[in-house]
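To start, the structure itself, in structure tokens.
The values are calculated or read from the model by the stated rules, or taken from the named source; none is laboratory data. Please read these numbers as outputs of a predicted model, since none were measured by experiment. Counting neighbours? That spans all protein chains shown, and the Cβs are built from the backbone with ideal geometry, glycine included.
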Amino acid sequence: MAIDCITSMIMPQPSNQEIKEQDEHPFVFDASVLRHQLHIPSQFIWPDEEKACLDEPELQVPFIDLGGFLSGDPLAATQASRLVGEACQKHGFFLVVNHGIDRQLISDAHLYMDHFFSLPLSHKQRAQRMPGEHCGYASSFTARFSSKLPWKETLSFQYSACNNSPTLVKDYLCDKMGREFQQFGNVYQDYCEAMSNLSLGIMELLGMSLGVGRAYFREFFEENSSIMRLNYYPPCQKPELTLGTGPHCDPTSLTILHQDQVGGLQVCVDNEWHSIKPALNAFVVNVGDTFMALSNGRYKSCLHRAVVNRETTRKSLAFFLCPRSDKVVSPPCELVDKLRPRLYPDFTWPMLLEFTQKHYRADMKTLEAFTNWLQRKTQHSSTQLPT
């Protein structure tokens with residue numbers, strides 16, 4: 001039986017006593033140890049109403065063949081944009097095939113992910129993610145939250161498509177992990193560049209489907225400042241008690257995900273959870289909150305989560321497309337009229353990123369909560385002006 005979608009998941013703030021105890025006895029998520037334990041630490045046990053069914057019915061997600069579009073066939077482009085638009089109006093998820101990404105590059109990205117997460121914890125912690133930051137290594141989110149923790153490790157890093165940052169990924173990884181990680185850095189530099197190019201093509205299809213032209217969103221994201229994340233979900237001996245990633249909508253613009261063949265991605269559609277079956281040569285694409293604001297709410301940012309299992313590690317590569325930091329997120333005039341007035345105020349991506357890192361744990365109401373926070377902040381600033 002499907003579990004109803006969660007309606008509100010604002011994270012309660014820990015008390016001063018809890019913070020003091022965490023500082024004195026910080027909990028460490030060591031996957032090499034916890035993957036074998038029958039006793040699950042309480043920090044990872046989710047409330048009964050939020051626990052997942054591990055075997056949800058499969059969601060029928062459209063496969064978008066990009067072959068004709070990428071070769072310049074106008075009829076294929078029109079067909080692909082129509083399918084993308086239909087999916088984004090329903091739930092915001094679709095799969096792309098014949099995308100032009102080199103299979104060896106995808107294989108290498110998974111291989112080097114294995115290499116990194118198999119390192120001893122102390123070695124991975126060279127790239128430790130600091131509180132308030134969004135890049136680095138995180139063993140669960142033990143430094144940020146004290147309950148409903150995700151059963152996973154992550155490594156996140158920034159990517160820039162600007163011409164003055166051609167080796168940003170490689171330089172960051174080598175700086176954190178050492179010069180022996182140069183090939184590691186090269187692989188993810190190349191992977192991010194491939195994902196950036198693919199996302200710009202998808203932006204053309206989104207622009208066509210919304211009637212603003214194929215160039216509009218492509219130009220908006222051409223010099224994107226995006227985030228790459230390696231997700232590593234170790235086995236859990238009590239998978240029914242926890243979640244690999246809790247229910248949330250991505251605050252970013254577009255997510256391009258490559259998952260291995262283990263499975264675990266679940267999406268909430270029409271108030272019921274469904275699984276998205278892995279497809280070896282396909283990327284899972286979904287709209288995020290920032291693009292929902294850019295489309296003035298026409299396309300939906302969909303609630304999703306990840307579950308874990310007892311036997312096998314699950315891996316995924318997630319590229320989160322984000323606009324350049326100075327770009328103002330505001331829908332094109334074609335998407336605003338008397339019947340569809342503006343839903344969200346203007347903002348920049350760093351403002352939303354700060355909100356999710358310092359003030360709010362991303363969930364299905366992130367954009368709504370951010371809008372309210374932004375309006376309160378603006379009103380407070382206006383009252384401080386001299387009269």
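Quick notes on this structure:
- Filtered by the rule that a residue be under 20 Å from residue 223 (Cβ atoms) and surrounded by fewer than 21 Cβ atoms within 10 Å (Cβ to Cβ), the range 294-328 gives 324, 325, 326, 327, 328.
- From the list 185, 207, the one residue that fits, being within 22 Å of residue 106 (Cα to Cα), touching a Lys or Arg at 6+ places or on another chain (Cβ under 7 Å) and among the small types (Gly, Ala, Ser), is 185.
- Residue check, residue 212 among the β-branched types (Val, Ile, Thr), within 27 Å of residue 351 (Cβ to Cβ) and at pLDDT 95 or above: yes
- Output for the range 106-134, where each listed residue is part of a loop (DSSP other than H, G, I, E, B), modelled with pLDDT of 95 or more and surrounded by 14 or more Cβ atoms within 10 Å (Cβ to Cβ): 119
- Subset of the range 65-87 that is closer than 19 Å to residue 279 by Cβ and touching a residue at least 40 places away in the same chain (Cβ under 8 Å) - its residue that is surrounded by the fewest Cβ atoms within 10 Å (Cβ to Cβ): 70
- Residues satisfying the criterion are present in the range 227-234 (criterion: charged (D, E, K, R), surrounded by fewer than 21 Cβ atoms within 10 Å (Cβ to Cβ) and in contact (Cβ under 8 Å) with a residue 12 or more places away in the chain).
Residue by residue, here is whether (1) in contact with a Pro (Cβ under 8 Å, 6 or more places away or on another chain); (2) of a type outside the set (Val, Ile, Thr); (3) modelled with pLDDT under 95; (4) not in a strand (DSSP E or B) holds:
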{"residue": "236", "(1), (2), (3), (4)": "no, yes, no, yes"}
{"residue": "255", "(1), (2), (3), (4)": "no, no, no, no"}
{"residue": "263", "(1), (2), (3), (4)": "yes, yes, yes, yes"}
{"residue": "266", "(1), (2), (3), (4)": "no, yes, no, no"}
{"residue": "273", "(1), (2), (3), (4)": "no, yes, no, no"}
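Yes or no, residue by residue, for (1) among the charged types (D, E, K, R); (2) under 30 Å from residue 48 (Cβ atoms):
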| position | (1), (2) |
| --- | --- |
| 115 | no, no |
| 118 | no, no |
| 126 | yes, no |
| 135 | no, no |
| 145 | no, yes |
| 149 | no, yes |
